[in-house]
Amino acid sequence: MNASSGYRICLSGALPLALGCLSTAATADCALTRELSFRHAEIGTIQVFRDPSSHAIEFTSQMQVNTDGAPDSYHPDDIGITHICNGVSVGRSCTWKAQCLPDFRRAKAEGFRGPTKICFFAMVSDPRGVPVLQGSTDPKPGYYVSTTALHQPGADPRTPDAQLDSNTVPFAVIPSTWQRSGDPGPKLGDVGVAYRRSNGKLAYFVVGDIGPRNKLGEGSVALHQALGNDPFVDRFGKRRAYKGIGGRDVLYLLFPDSARPGERLDATSIERVARPLLDRFGGIDRLKTCQ
């Protein structure tokens, strides 16, 4: 079937008819257009679909954990809820390195002003490249200010108040290429719905951060918890937000051009925008059918 072909997807137990498929509840219009094939670095090809009527984008993937924006995400002594190497790159070319701790510790001993170069892409840094620590009036004094690509309106972007707190704001992540190109549509600030197939839980989210070009399927701590997953584990004696939702258990439905600039984002304000869009798509019944 070519890229412009429509798909009619039937529920298990549907009766095959000459004209298509009839769900056990009602006729389900799931003629979704295949928009693109996304090559995920970890789980293989993901088919990304578009709904012709609502223009919503739909795909099924895993959900890894993104703690960026949480005040307790990163700490100079690597005691945050995420390993410090998840938020930095190493060297003059800013190359991500999984085993970055020796370089990071050396750079920290140099006051981040010596020959060992560290790039902070998930933390706020000053013009000299030194990461910014939270002060006594911030939520987690002594921790770094972890940042998200999307900011809360009206706040200083160098402060924790400007970030989407992963612990409280349900947000998802899109590849950097989607944000730059505008293709296939969803961008920072747009809203969506996540449906976990194994337990039937549904949660509304905002697109709050961008990630690698070859990854698709990542969500905040709050989004994981809303879908019934506790991401926190004891890892090498530290409390880390590490446990994701594996396989292809999460169905994502994103609504391009749904961003509402100027409104502070929390679970309530996100749902207020996303719920009517889900209804326009056809509601939870059509979402379940189209999985």
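Only one of the listed residues (PRO157, PRO141, PRO127, PRO153) is surrounded by fewer than 17 Cβ atoms within 10 Å (Cβ to Cβ) and touching a residue at least 60 places away in the same chain (Cβ under 8 Å). That residue is PRO153.
Going through (1) more than 21 Å from VAL65 (Cβ to Cβ); (2) buried (at least 19 other Cβ atoms within 10 Å of the Cβ); (3) touching a helix residue (DSSP H, G or I) at 6+ places or on another chain (Cβ under 8 Å); (4) of a type in the set (A, V, I, L, M) one by one, VAL169 falls short only on (1). Within segment 74-95, residues that are closer than 20 Å to GLN64 by Cβ sit with their Cβ atoms under 7 Å from residues that are surrounded by fewer than 14 Cβ atoms within 10 Å (Cβ to Cβ) and of a type in the set (D, E, K, R), at 6+ positions apart or across chains, in these pairs: ILE81/ARG239.
Taking the criterion of being at pLDDT 95 or above, more than 14 Å from the chain's Cα centre (by Cα) and among the hydrophobic types (A, V, I, L, M, F, W, C), the residues of segment 211-240 that qualify are PHE232, VAL233. Does CYS30 meet the test of being in contact with a strand residue (DSSP E or B) (Cβ under 8 Å, 6 or more places away or on another chain), closer than 23 Å to ASP285 by Cα, assigned to a loop (DSSP other than H, G, I, E, B) and modelled with pLDDT under 50? Against the criterion (in contact with a strand residue (DSSP E or B) (Cβ under 8 Å, 6 or more places away or on another chain), closer than 23 Å to ASP285 by Cα, assigned to a loop (DSSP other than H, G, I, E, B) and modelled with pLDDT under 50), CYS30 does not qualify.
For segment 98-109, a residue qualifies if it is surrounded by 13 or more Cβ atoms within 10 Å (Cβ to Cβ) and either modelled with pLDDT under 95 or not in a loop (DSSP other than H, G, I, E, B) (or both), and the qualifying residues are LEU101, ASP103, PHE104, ARG105, ARG106, ALA107, LYS108.
Checking each residue in segment 28-49 for being buried (at least 18 other Cβ atoms within 10 Å of the Cβ) and either free of Cβ contacts under 8 Å to residues at least 12 places away in the same chain or more than 16 Å from PRO175 (Cβ to Cβ) (or both) picks out ALA28, CYS30, LEU32, PHE49.
Inside segment 84-97, residues that are surrounded by 19 or more Cβ atoms within 10 Å (Cβ to Cβ) and either of a type in the set (A, V, I, L, M) or in a loop (DSSP other than H, G, I, E, B) (or both) make up a count of 3.
Within segment 265-291, restricting attention to residues that are outside any helix (DSSP H, G or I) and among the hydrophobic types (A, V, I, L, M, F, W, C), the residue that is modelled with the lowest pLDDT is CYS290.
Taken together, the residues in segment 232-264 that are of a type in the set (A, V, I, L, M, F, W, C), out of contact with any strand residue (DSSP E or B) (no Cβ under 9 Å at 6 or more places or on another chain) and not in a loop (DSSP other than H, G, I, E, B) amount to 0. Suppose the filter is assigned by TED's automatic domain parsing to the domain that holds GLU263 and closer than 25 Å to PRO276 by Cβ; does GLY211 pass it? Against the criterion (assigned by TED's automatic domain parsing to the domain that holds GLU263 and closer than 25 Å to PRO276 by Cβ), GLY211 does not qualify. Restricting GLY192, GLY237, GLY262 to residues that are surrounded by fewer than 19 Cβ atoms within 10 Å (Cβ to Cβ), among the small types (Gly, Ala, Ser) and touching a residue at least 24 places away in the same chain (Cβ under 8 Å) narrows the list to GLY262.
The values are calculated or read from the model by the stated rules, or taken from the named source; none is laboratory data. What you are looking at is a predicted structure, and each value in this text was computed from that prediction instead of being measured. For neighbour counting, all protein chains shown are included, and Cβ atoms are generated from backbone atoms with ideal geometry for every residue, glycine included.
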